[in-house]
Each structure stands twice: as C-alpha cells, then as structure tokens.
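Here the structure comes first, spelled out in structure tokens, and everything after it is commentary.
The values are calculated or read from the model by the stated rules, or taken from the named source; none is laboratory data. None of the values given here were measured: they were computed from a predicted structure. Cβ: placed from backbone, ideal geometry, glycine included. Neighbour counts: every protein chain shown. These area figures cover heavy atoms from the full protein model, side chains too; ligands, DNA and RNA do not enter into them. Shrake-Rupley method; radii C 1.70, N 1.55, O 1.52, S 1.80 Å.
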Amino acid sequence: MNATMSAGAPAAAAPSSTPSSSSSPSGGVVPCPAVPAVARVTMALSGALLAGVLTSFGQVVPALSSVANSAGPWFLVAVALCAVAGVRAGRVALPLAMLLGVVLLELMHVGYWATTNLRGFADSLSLLGFWELIGIPAGVLAGAVAVAVRSRDDRWRAGALGITAAVLVGEGVRALLQVVDTTGPVTWVVEIVVGMVLLVVGVVTARTSVGRVIALGTGVVGTVGVLGAYLLLGG
C-alpha cells in the first residue's frame, strides 16, 4: 500500500497476507471438513491392534497386570473405537456397527497374540478359544452400545449404560470369587465401582420412569448373565 496518503484521509488497514482458515471471505466461520468414513474406520481398526499390543506389554507391569488381564477395559475400548468409526443407528447401519464391534475385539486378540509371541512368550490364537468366542457376543454388544449411547431416546442410552455396567460389575464379582488370591482385590473393586457409577448415571439421567427401569434392569440382569457366563464357561 502507498505510504503517502492524502491529507485527512484515514489510513486503511493492510489486508492480511495469510487469510484465516477458520473464517470465510464473508466473515462467517468455515466448518472443518468431515473426516472420511474410510479414515475413521481405519483409525478404529488400527486402534484395536494397538490395544492388543499394549495389553501384552501391560501384563508385565505390576501396577497394570490385573487391568491388562481383564476383559472389561477391552469392552470399553471396543465401544470407544466403534464411536470413533462413526457408527450410527439404522436398519443396515446397526448390524454393521455390531459386526465392527466383533472385528475390533478379534483384532485386539490378534495384536495381543502377535506381540506376545514376538516377545518370546507362547500364546495361541484359535477360532474356538474361550476369549475368541466370547469376543463375538461381546463385540455385538459393544457395537450396539456405541450406537445406543448416542441415541436421542433416553431408553436406548439407559440400556447402553446398564449393559456396560453389567460387563464391568459381572467381571469384577467373578474375579473376587475366583482369582483374587493371585491378583489382589484392588483392580476388581475399582472395576465394580466404575460399573456401579455408570449404572447410577444411567438411572439418574433417564428422563422417564421407563428409562430408569431399563437402566436398572439391564444392569442387574446383565450382571447376573455376565457372572453366570464366566462361571459356566470357566473363563
């Protein structure tokens, strides 16, 4: 801009050489571009493998060994990764979310198996293994929970929180009954407390009595189911 302006004329501000990326020429805010669905799913799949890898290493850390040997955190990770992938409700989308949940949990098994063997420890991966089989219904639930927890219908949200609470409380109670002598109680007590908190949140945040009953019912019945499955199948 010319440095010598005519007398009395106000100086105009020089235009910025680097326009802001957060505003349009008209002054409005430009929304960030959506992450492509393929990228979101790829991140979720990669995250599942990474979770398996970290689990293998976590088992040799005394402070993390019990957590790394529990299934509850894997369920939570699967739900979170399904959400990252952008799962949603729908006649076709919901089954795809459930399928994704199964794939994610099985990829965690693959990551754990590969890392454990590369570290020099024997570990097997079988289509008929206990944890591989459990990964199927658990993955279906994880995908459904990831969809339901984002629903506008508080009955679905309440059910999602109740199911998640059941997974955590059921496993925690089973561990206190069967493996506490070798692992100590701290991890399992914390897992139960977290599950109870989720159940309370599901009940309290439900706007209808039906939602509250669903949260409480899925939490209690689900806990009995999870505990029974562990005791029957011997996991």
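Summary of computed values
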quantity: Cβ charges +1 (Lys, Arg) and -1 (Asp, Glu), total dipole of the chain, debye; calculated: 680 debye
quantity: Segment 80-156: chymotrypsin sites (Phe, Trp or Tyr not before Pro) in DSSP loop, at most 14 other beta carbons within 10 Å; calculated: Phe121
quantity: Residue order for Ser46, Ser124 - accessible surface, 1.4 angstrom probe, largest first; calculated: Ser124, Ser46
quantity: Burial order of peptide ranges 183-191, 164-172 (average beta-carbon count within 10 Å, highest first); calculated: 164-172, 183-191
quantity: Contour minus Cα-Cα distance for Ala89 and Val220 (0.36 nm per residue); calculated: 44.6 nm
quantity: Nearest-0.05 FRET efficiency for Thr208 and Asn69, computed from C-beta distance (R0 30 Å); calculated: 0.15
quantity: Helical contribution to [θ] at 222 nm, DSSP H n ≥ 4, -39,500 (n - 2.57), averaged over the chain, rounded to 500; calculated: -22500 deg cm²/dmol
quantity: Computed Kirkwood radius, in angstrom, where 1/r is averaged over Cα pairs of segment 92-175; calculated: 14.2 Å
quantity: Zone of Gln178's modelled label, taken as backbone nitrogen in segment 59-99 under 15 Å from a point 7 Å along Cα→Cβ; calculated: 69-72
quantity: Summed residue charge, Cβ within 12 Å of Ala138's Cβ, Lys/Arg positive, Asp/Glu negative; calculated: -3
quantity: Å² of accessible area per residue within segment 163-235, as computed with a 1.4 Å probe and no ligands counted; calculated: 52 Å²
quantity: Rg/Rh (Cα only; Kirkwood hydrodynamic radius) as it applies to the chain; calculated: 1.20
quantity: Centroid-to-centroid separation of segment 62-134 and segment 215-235 [C-alpha atoms, Å]; calculated: 19 Å
quantity: Order by protection proxy (mean Cβ within 10 Å, highest first), peptides 56-64, 69-77; calculated: 69-77, 56-64
quantity: Added length on full extension, which subtracts the Cα-Cα distance from 0.36 nm per residue, Ala37 to Ile136; calculated: 33.3 nm
quantity: Label-zone membership for segment 79-110, site Ser46, 7 angstrom Cα→C-beta point, backbone N under 17 Å; calculated: 81-86, 104, 107-108
quantity: Accessible area of segment 48-181 belonging to carbon and sulfur atoms, whole % at 1.4 Å probe; calculated: 71 percent
quantity: For segment 138-211, diffusion coefficient by Stokes-Einstein and Kirkwood Rh (Cα), 37 °C, 0.692 mPa s, µm²/s; calculated: 254 µm²/s
